[in-house]
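A.B. asks: Here it is, the structure in full.
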Amino acid sequence: DYKPNVIAKGLAQSKTYNLCVVMPGDYDVVDLTFFQQCLSGIQEIAGAMEYDILLSICKNNDISSLERIVSNRKVDGAILMRTFVDDPQIEYLQDRQVPFVTIGSSNYKDVVQVDHDHRSACRELTSIILLKQMKKIALIGGDESHVVTQNRVGGFCEAYQEAGLELDKSLISLNLENNIVVDKKVEEVLRKGVDCILCLDDAICSRVLKSLREKHVHVPEDVCVASFYNSSVLENNVPSITSLEFEPRELGMVACRIVLDLIEEKEVEEKTLLPYRVVLRDSTK
């Protein structure tokens, strides 16, 4: 089993009272607020329990920073702040038997996870939009290798199934990695006469709104817009944007409590889902 901090050869091994927080290096500037709030929650709990935090940045599946920290036995446990469909971070920590928790869901077995209930949230918001008689909805999003992307898309599709409506999969567009691609996609779905553009996150939504303004397309008069994630980026938009609200700071606090319980070898739930709030605003009439 992984044991941190070999004090001296032949002496007992003990805790370091350090946690490793693994943050993705390829985050968008818009994502920074989410990670800052999560870290604030982690720090509050860790500080109260006299643990220090070591930050590891892993970019493009390069986990050398995490490997170095673990190999040098500098930490008692870890918190992963983003999960992937194929996740070398999880595989490495499981192989080394390091106690860890993921912020975000994972399809790997025996992984302790803390997440917001994205699938249910996205299903509920999509259902509300469908009830407003907007049947032709474009879904626009980013990297589908992120588990959260798959959960959000899953919730969107489930809303159509529950309503007994046929889903036009040609209106689902993922892996839109830059503003130029997003602009082209907005132009394309407008030509198809969509009633609403649903964005998988606040960064995509911000770009969609800018693209619509440049095209002199009015929200919600010409097309409605909603986001599966809200942040300060969308707060001052006119009209106000219908969105899903989550509490990133709570996410960090809960994840930290659980990883500390794992370190103490206490029993924990394998998956903890935190609540959400659907906020209906002017952008969907």
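A.B. asks: Need one number: % antiparallel among DSSP beta bridges in the chain, to the nearest 5.
C.D. replies: About 15 percent, rounded to the nearest 5.
A.B. asks: Only Lys, Arg, Asp and Glu count, each charged at its Cβ (+1, +1, -1, -1), so figure out the dipole size of the chain about its Cα centre, rounded to 20 debye.
C.D. replies: My answer is approximately 400 debye.
A.B. asks: Sticking with this structure for a sec: Rounded to the nearest 500, what is the chain's calculated 222 nm mean residue ellipticity when only DSSP H runs of at least 4 contribute -39500 (n - 2.57) each, over all residues?
C.D. replies: When only DSSP H runs of four or more count, the value is -12000 deg cm²/dmol.
A.B. asks: What percent does the relative contact order of the stretch 131-285 come to when contacts are Cα pairs within less than 8 Å and at least six residues apart?
C.D. replies: Dividing the mean separation by the residue count of the stretch 131-285 yields 22 percent.
A.B. asks: Another question about this same structure. Past the 24 Å Cα-Cα mark, which pairs from 184/210; 15/271; 210/285?
C.D. replies: 15/271
A.B. asks: Mean-square fluctuation check for the chain, GNM, Cα pairs under 10 Å: which of 123, 68, 257 is largest?
C.D. replies: Looking only at 123, 68, 257, the largest GNM fluctuation is found for 68.
A.B. asks: Starting from the amide H of residue 54, placed 1.01 Å from N in the peptide plane, find each other amide H under 5 Å away whose residue is 5 or more places distant or on another chain.
C.D. replies: Correct list: 19, 20, 21.
A.B. asks: A further question on this structure: I'd like the Karplus ³J(HN,Hα) series for the stretch 184-196: coefficients 6.51, -1.76, 1.60, θ = phi - 60°, whole numbers in Hz, and an x wherever there's a Gly or Pro.
C.D. replies: 5, 5, 4, 4, 5, 6, 5, 4, 7, x, 6, 7, 8
A.B. asks: Return the sequence-ordered ³J(HN,Hα) values of the stretch 126-131 in whole Hz as given by the Karplus equation 6.51 cos²θ - 1.76 cosθ + 1.60 applied to θ = phi - 60°, using x for Gly and Pro.
C.D. replies: 4, 4, 4, 5, 5, 5
A.B. asks: Pull out a ≥ b ≥ c, the square roots of the eigenvalues of the alpha-carbon gyration tensor of the stretch 181-229, then state rounded if a/c is under 1.5, prolate if not and a/b is larger than b/c, and oblate in the remaining case.
C.D. replies: Rounded is the answer for the stretch 181-229, as its axis ratio a/c remains below 1.5.
A.B. asks: Separate question: Hey, which aspartates and glutamates would be in cross-link range of residue 59, C-alpha to C-alpha under 19 Å, not counting anything within fewer than 8 residues on its own chain?
C.D. replies: By straight Cα distance, residue 59 reaches 26, 28, 31, 67, 86, 87, 91, 143, 144, 177.
A.B. asks: Give me a comma-separated list of calculated 3J(HN,Hα) values for the stretch 237-248, in order, Karplus coefficients 6.51, -1.76, 1.60 applied at θ = phi - 60°, integers in Hz, x for any Gly or Pro.
C.D. replies: Calculated HN-Hα couplings, in order: 5, 10, x, 5, 9, 4, 7, 9, 10, 10, 10, x Hz.
A.B. asks: Also: Relative to the longest principal axis of the chain, what angle (0 to 90°, nearest 10) does the C-alpha long axis of helix 147-163 take?
C.D. replies: The angle comes out at about 40 degrees.
A.B. asks: Highest GNM mean-square fluctuation, the chain, Cα pairs closer than 10 Å: which of 239, 99, 248?
C.D. replies: Looking only at 239, 99, 248, the largest GNM fluctuation is found for 239.
Every read-out reported here was derived from the displayed coordinates using simple, explicitly stated rules and does not represent laboratory data. In this text the structure is predicted, and so the values were computed from the model without any measurement. Neighbour counts are summed over all protein chains in view; Cβ atoms, including those assigned to glycine, are modelled from backbone coordinates with ideal geometry.
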